[in-house]
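Enquirer: Structure provided below as structure tokens; questions to follow.
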Amino acid sequence: MTDPTPQAPHLVLVDGSGFIFRAFHALPPMTSPDGVPVNAVYGFATMLARLLREHAGTHLAVLFDASRQTFRSEIYPQYKAHRPEPPEDLRPQFSLIRDATQAFGVPGIELPGWEADDLIASYAVAVRAAGGTCTIVSSDKDLMQLVGPGVCMLDPIRQTPIGPAEVEAKFGVPPEKVIDVQALMGDPTDNVPVCRVSAPKPPQLW
């Protein structure tokens, strides 16, 4: 009797920062018995528990930003420099959220010098190259350039898929052109300026 054909991997990647900030801003202040803020922890754990019940993947991981300092800020110091520090009552919850992720038995992955987006992109490309598929649980527009054969996104709030048609409706171009559009239009949320290209001076004809 031969072994059944192994199931192709379906990797589910959660944008941890997206979960954290959505939970923090969606819920009223909450504290633990010893007075530590926990509204983001509660919201994050609720969303992760729901995902664990409902997702159809073979593997799942949560990707976190290790810190605000990355290789991009070394190249371009103004990158995200305008963003304020996280709210005071959110800061103690970051480590608790990592503990909660571990308690669920879910890998929480981060890498100094890199953003969660970079890790998500690396894993998505790798699993697709290995013949598997990937679902990115996020609505972050920066990740939409990854959408295509074998890779889709899932809006965690609306619980709606984001495929090539949704990306083109948002940007006016297919996913593989998103990087070009973003390079030209800039991104005020990341403090990336608009690309200004000067037209060449026409030759004198008279």
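The values are calculated or read from the model by the stated rules, or taken from the named source; none is laboratory data. Small disclaimer: the values here were computed from a predicted structure and weren't measured. Cβ placement follows ideal geometry from the backbone for every residue including glycine, while neighbour counts extend to all protein chains displayed.
Enquirer: Taking the conditions exactly as written (hydroxyl-bearing (Ser, Thr, Tyr), crowded, with 17+ Cβ neighbours inside 10 Å and out of contact with any Cys (no Cβ under 9 Å at 6 or more places or on another chain)), does residue 139 satisfy them or not?
Expert: Yes, satisfied.
Enquirer: Still on this structure: Taking the options 103, 126, name whichever one is closer than 27 Å to residue 52 by Cβ and out of contact with any helix residue (DSSP H, G or I) (no Cβ under 9 Å at 6 or more places or on another chain).
Expert: 126
Enquirer: Right, next: When you look at residue 50, is it touching an Asp or Glu at 6+ places or on another chain (Cβ under 9 Å) and surrounded by 11 or more Cβ atoms within 10 Å (Cβ to Cβ), yes or no?
Expert: When the stated conditions are applied, residue 50 does not pass them.
Enquirer: Being part of a helix (DSSP H, G or I) and touching a Gly at 6+ places or on another chain (Cβ under 6 Å) is true for just one of 46, 101. Which residue is that?
Expert: Exactly one residue qualifies, and that residue is 101.
Enquirer: Where the second residue is modelled with pLDDT of 75 or more and among the small types (Gly, Ala, Ser) and the first is assigned to a strand (DSSP E or B) and lies in the range 68-81, which pairs have Cβ atoms under 8 Å and are six or more apart or on separate chains?
Expert: 70/113
Enquirer: Checking residue 124 against (1) within 27 Å of residue 69 (Cβ to Cβ); (2) at pLDDT below 95; (3) in a helix (DSSP H, G or I): exactly one of these is not met. Which one?
Expert: Result: residue 124 passes all but (2).
Enquirer: Exactly one condition in (1) closer than 25 Å to residue 121 by Cβ; (2) free of Cβ contacts under 8 Å to residues at least 40 places away in the same chain is not met by residue 91; state its number.
Expert: (1)
Enquirer: Just wondering, is there one or more residues in the range 72-79 that are among the charged types (D, E, K, R), at pLDDT 95 or above and more than 19 Å from the chain's Cα centre (by Cα)?
Expert: Checking the range 72-79: not a single residue is among the charged types (D, E, K, R), at pLDDT 95 or above and more than 19 Å from the chain's Cα centre (by Cα).
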